[in-house]
Each structure stands twice: as C-alpha cells, then as structure tokens.
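Comments concern the structure below.
The values are calculated or read from the model by the stated rules, or taken from the named source; none is laboratory data. Computed from a predicted structure; not experimentally measured. As a convention, Cβ positions derive from the backbone with ideal geometry for all residues, glycine included, and neighbour counts pool all protein chains shown. We work out accessible area using only protein heavy atoms, side chains counted, and drop any ligands, DNA or RNA first. Shrake-Rupley method; radii C 1.70, N 1.55, O 1.52, S 1.80 Å.
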Amino acid sequence: MAKVNRAQYTSPPDGGWGWMIVAACFLVTICTRAVTRCISIFFVEFQTYFAQDYAQTAWIHSIVDCMTMLCAPLGSVVSNHLSCQVGIMLGGLLASTGLILGSFATSLKHLYLTLGVLTGLGFALCYSPAIAMVGKYFSRRKALAYGIAMSGSGIGTFILAPVVQLLIEQFSWRGALLILGGLVLNLCVCGALMRPISLKEDHITPEQNHVCRTQKQDLKWASPCSPLTKEWVQTCLCCSLQQEYSFLLMSDFVVLAISVLFMAYGCSPLFVYLVPYALSVGVSHQQAAFLMSILGVIDIIGNITFGWLTDRRCLKNYQYVCYLFAVGLDGLCYLCLPMLQSLPLLVPFSCTFGYFDGAYVTLIPVVTAEIVGTTSLSSALGVVYFLHAVPYLVSPPIAGWLVDTTGSYTAAFLLCGFSMIFSSLLLGFARLVRKMKKTELRILAKDSDPKLQLWTNGSVAYSVARELDQKDGESVATAVSGYNT
C-alpha cells in the first residue's frame with residue numbers, strides 16, 4: 001500500500017479541510033448510530049415473525065451496540081497503525097455485508113451473527129476513529145465541531161425512522177435490511193475523505209526516540225530472527241503502547257470510566273423500547289415511529305446548540321459540569337416516563353430526552369480530551385466506547401426480562417433512570433473531592449512559608465495545585481514538602 005502523505009501542523013488548524021472531516025464524521029454517525037437506533041423499529045416485526053419474547057428479540061439490538069463499543073479499541077488500533085481511511089473503509093464493507101446477509105436470516109440466531117456481530121464489528125472500525133479525527137483538526141472550536149459531527153445521529157434518526165417504517169410496509173423487513181445495507185456502504189466514501197494529519201505533539205519523546213535509534217543501530221549486524229532483533233521490536237512496541245495507553249493510570253480517567261458504565265446502562269434501553277412502549281399504550285405504528293423521529297431531530301438541536309454554548313467564553317471552563325447536568329436530566333426523564341401514557345405526553349418526553357441525549361453525547365469526546373489530552377484521544381475514546389459494550393449488551397435484555405416478569409415497563413425505566421443519575425452524581429462527587437484537595441494544598445502551602453508566598457505573589461500555591469494534577473495519589477504533605485524544599 002502506498003505511503004499516506006500526512007499534512008504537517010504544529011497545532012490543530014481549526015478549519016480548512018477540518019470541515020470536510022466534520023462532514024465525513026457527520027455521515028459516519030448517520031450510517032452507524034442512526035442505523036443502530038432504527039433497528040428498534042424492526043423489533044415488533046422480528047418478534048412477530050420469529051414468535052419470540054421481548055428478552056430474546058432485544059438481544060439483536062444489544063449485540064450490535066455491544067460489538068460497536070467492544071471493538072472500539074480495535075478500530076483505534078487499525079487507525080493508529082494503518083490509517084483512519086483504511087479502518088473506516090474496511091468497517092463500511094463489513095457493516096454492509098452484515099445487513100445484506102441479515103436480510104436472508106431464517107432465525108434469530110442468524111440475525112445475532114449477521115446483523116449483530118458482523119455489522120457491529122464494521123461500525124466499531126468506523127465510529128471511534130472518525131470521532132478522534134475531528135479532535136485532531138480542531139482545538140478552539142472543538143465542541144462546536146463535535147456538535148455538528150455528532151448531530152448526524154439525530155438527523156439520521158429523524159429521516160430514517162419514518163423511511164424504515166415505510167420500507168418495512170412496502171418491502172417487508174427483509175427488503176428494508178437490504179436497502180439499509182446499500183446505504184451503509186457509503187461509509188467507504190466517508191473513509192476516503194479522512195486525510196491524515198500530523199501534529200507536533202504526536203511525535204515520540206526524545207528519550208523514546210533515542211532508545212529505539214540506539215537499538216536499531218545495534219541491529220545492523222544482527223539477523224532478522226536473532227534475539228537482539230526480537231528484543232528491539234519488543235522494546236519499541238512497549239514504548240509505543242506505554243505512551244499510547246498511559247492515561248489508564250490517571251485517577252480522573254478511572255472515575256470517568258466507572259461513570260460511563262452506569263451512563264451506558266441507562267441510555268441504551270430507551271432506543272429499543274420507546275416504540276414498543278408507545279404501541280402498548282395505544283399509539284399507532286406511524287405515531288410510534290414519529291416519536292423516534294422527534295427524538296432524532298431534537299437530538300440534532302442538542303448536539304449543535306450545546307456544543308456551541310459550551311464553546312462560549314462564559315461556559316468554556318464548565319464543560320465538565322454541563323456534561324453532568326445533561327446526563328442527570330436524562331435520568332430524571334426516565335423516572336417520569338411510566339406516567340406518560342398518551343401521544344401528547346410522549347412528545348414532550350421525546351423532545352426533552354432527545355435534547356439532553358444529544359448534549360452529553362457531544363461532550364463525551366470533549367470531556368475525555370480534557371482529561372487525557374489530544375495525543376491519546378483516539379486510544380482513550382476507544383477505551384471509553386469499549387466500556388459502553390457490556391452495559392449495551394446486557395441492559396436491553398435485562399429490561400426485556402423485567403417487562404416479561406412484571407408485565408409493565410415501569411421497573412425497567414426506573415432502573416435506567418437511577419443508573420444515569422448515579423453516573424452524574426459519581427462524577428460530580430469526584431470533581432468536588434478533587435477541588436477540596438486543591439484548596440487544602442493551597443492553604444497548606446500558604447501556611448508553611450508565608451514569606452515565600454508573598455514574594456512569589458501566589459505562584460507557590462499555583463505550583464502545588466498543578467503538582468496535584470500531575471502526581472495524583474501522592475499525599476498532600478509530600479507535595480507541599482517537595483515545594484518547600
């Protein structure tokens with residue numbers, strides 16, 4: 001394969017070809033997340049055709065979501081070691097093949113393998129690399145760029161939900177899956193637009209470069225299969241992986257990862273059960289599909305407006321808090337859902353939930369980048385989306401089991417709501433504890449040497465606060481004594 005030419009920049013260009021990257025990522029989210037959401041419209045068709053219960057049928061949507069997130073690190077590896085273009089084009093071929101083969105399924109097990117595993121794997125190779133590429137091209141307007149790119153999920157749902165329902169009525173569920181397979185093949189076009197970019201901060205450190213060069217010089221007289229060659233390969237690989245995944249040891253990232261597990265558990269079942277729930281309370285098939293369209297179009301507004309608002313100077317430093325706010329409000333919406341049993345009540349719910357769903361989805365890459373930085377963003381997003389996998393796999397079947405057991409959707413929706421609220425509270429509590437530690441360090445630094453504090457005009461307290469960021473896990477006394485010395 002010909003070597004890919006990378007544009008050289010010292011910092012993200014914040015425009016130019018970056019807007020083409022945003023457009024390509026926009027189409028990727030339509031072909032991955034919007035198509036995944038629209039699988040819920042097939043729910044009743046699959047359940048009726050194969051004569052299965054809620055829990056068995058829900059596994060289809062669960063496996064697609066799980067594979068998309070479970071294999072997200074694989075997408076990052078392909079993108080980092082080959083190219084983003086190769087990863088997305090390969091993913092488009094796999095996803096399209098899965099949908100096309102799924103149209104010939106004769107049992108739910110066939111759909112698990114084709115529509116679930118194969119399509120989900122294809123989506124995984126496309127999703128996280130496309131999102132990470134937007135982060136490489138934008139810095140100052142990152143939240144806005146992500147808002148536009150991620151709005152493809154909402155716009156796609158708004159357009160595809162009624163279209164898929166119409167396709168099912170005209171061509172049956174088999175014909176609808178076949179046509180979706182052709183649509184998803186456009187991911188290959190999106191992949192071709194992903195022009196690689198090389199930033200100054202992407203290069204390895206001088207120490208790592210020195211180790212690899214020194215060992216490489218020693219290999220001049222070594223055979224390809226000698227122990228020295230193997231040692232050099234292992235050392236360089238370890239250096240690369242250590243740099244790429246060093247964020248896993250950061251306490252802030254660990255807390256984010258735990259909260260993502262609870263958030264992902266709560267957010268997935270609604271897109272599986274909103275249409276069946278609406279049908280169970282007397283809403284027609286077309287009106288139920290219309291609710292998904294509303295959810296999608298308001299999701300767009302949440303993506304773009306929340307991204308734009310949090311890029312403003314007044315909210316730029318509070319993007320983390322805005323993320324918590326959006327996740328918590330989606331949880332509250334879940335708690336109200338069992339009381340809404342008519343179309344006029346379900347429409348406002350779809351608007352509210354859709355808006356804040358779009359809001360926090362936009363801020364996931366922004367919050368992740370704030371914690372790990374741009375260099376490790378692709379790998380970190382791969383891990384974050386990987387953590388969605390298990391909740392996405394188990395939450396719809398668990399919700400289906402609760403519906404089958406209790407004969408009502410109430411328990412399933414309440415469990416999802418409390419899960420999202422807990423996710424928000426956990427991150428908020430961790431942020432509060434960290435802020436208290438910083439305040440304590442500043443006080444200790446000031447009390448330990450007041451003259452030095454006056455002479456530096458506050459620089460000691462600032463340095464100690466930064467030490468907490470860099471050496472999280474050390475005792476307060478150690479950090480302060482280090483600076484006093």
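Is there a residue being modelled with pLDDT of 50 or more, within 30 Å of residue 295 (Cα to Cα) and of a type in the set (S, T, N, Q) anywhere in the stretch 176-186?
Yes, there is a match, as at least one residue in the stretch 176-186 is modelled with pLDDT of 50 or more, within 30 Å of residue 295 (Cα to Cα) and of a type in the set (S, T, N, Q).
When you go through (1) within 19 Å of residue 296 (Cβ to Cβ); (2) of a type in the set (S, T, N, Q); (3) out of contact with any Leu (no Cβ under 9 Å at 6 or more places or on another chain) one by one for residue 186, which number turns out not to apply?
Only one criterion is unmet by residue 186, namely (3).
Here's the yes/no breakdown for (1) β-branched (Val, Ile, Thr); (2) open to solvent by 10 Å² or more (accessible area, probe 1.4 Å); (3) closer than 28 Å to residue 20 by Cβ; (4) free of Cβ contacts under 8 Å to residues at least 12 places away in the same chain:
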{"position": "76", "(1), (2), (3), (4)": "no, no, yes, no"}
{"position": "91", "(1), (2), (3), (4)": "no, no, yes, no"}
{"position": "115", "(1), (2), (3), (4)": "no, no, no, no"}
{"position": "134", "(1), (2), (3), (4)": "yes, no, yes, no"}
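Quick one: is residue 119 in a helix (DSSP H, G or I), under 24 Å from residue 52 (Cβ atoms) and open to solvent by 10 Å² or more (accessible area, probe 1.4 Å)?
Answer is no for this residue.
Filter the stretch 394-403 for residues that are surrounded by fewer than 23 Cβ atoms within 10 Å (Cβ to Cβ) and either modelled with pLDDT under 85 or of a type in the set (A, V, I, L, M, F, W, C) (or both); which is nearest to the chain's Cα centre (by Cα)?
394
Quick check on this structure: which one of 56, 52 is in a helix (DSSP H, G or I), open to solvent by 40 Å² or more (accessible area, probe 1.4 Å) and either free of Cβ contacts under 8 Å to residues at least 60 places away in the same chain or polar (S, T, N, Q) (or both)?
Criteria check complete, one pass: 56.
What's the number of the only condition in (1) modelled with pLDDT of 90 or more; (2) open to solvent by less than 10 Å² (accessible area, probe 1.4 Å); (3) closer than 15 Å to residue 190 by Cβ that residue 87 fails to meet?
The single condition residue 87 does not satisfy is (1).
Do you know which of the residues in the stretch 373-390 that are at pLDDT 80 or above and open to solvent by 10 Å² or more (accessible area, probe 1.4 Å) is farthest from residue 251 (Cα to Cα)?
Restricting to residues being at pLDDT 80 or above and open to solvent by 10 Å² or more (accessible area, probe 1.4 Å), the top hit is 390.
Looking at 259, 293, 280, 268, which is the one that is modelled with pLDDT of 80 or more, open to solvent by 60 Å² or more (accessible area, probe 1.4 Å), hydroxyl-bearing (Ser, Thr, Tyr) and under 30 Å from residue 421 (Cβ atoms)?
Criteria check complete, one pass: 280.
Does residue 385 meet the test of being within 30 Å of residue 286 (Cα to Cα) and touching a helix residue (DSSP H, G or I) at 6+ places or on another chain (Cβ under 7 Å)?
no
Listed here are the residues, each with its yes/no results for (1) farther than 20 Å from residue 253 by Cβ; (2) under 22 Å from the mean Cα position of the chain (by Cα).
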{"site": "337", "(1), (2)": "yes, no"}
{"site": "354", "(1), (2)": "yes, yes"}
{"site": "369", "(1), (2)": "no, yes"}
{"site": "427", "(1), (2)": "no, yes"}
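Can you name the residue in the stretch 103-113 that is open to solvent by 10 Å² or more (accessible area, probe 1.4 Å) and either without any contact (Cβ under 8 Å) to a residue 24 or more places away in the chain or part of a helix (DSSP H, G or I) (or both) and is also farthest from residue 77 (Cα to Cα) among such residues?
In this case the residue turns out to be 106.
When you look at residue 247, is it under 21 Å from the mean Cα position of the chain (by Cα), under 26 Å from residue 87 (Cβ atoms), modelled with pLDDT under 80 and not aliphatic (A, V, I, L, M), yes or no?
Yes; evaluated as a whole, the condition is true for this residue.
Quick check on my filter: what residues within the stretch 132-188 are closer than 19 Å to residue 114 by Cα and assigned to a loop (DSSP other than H, G, I, E, B)?
185, 186
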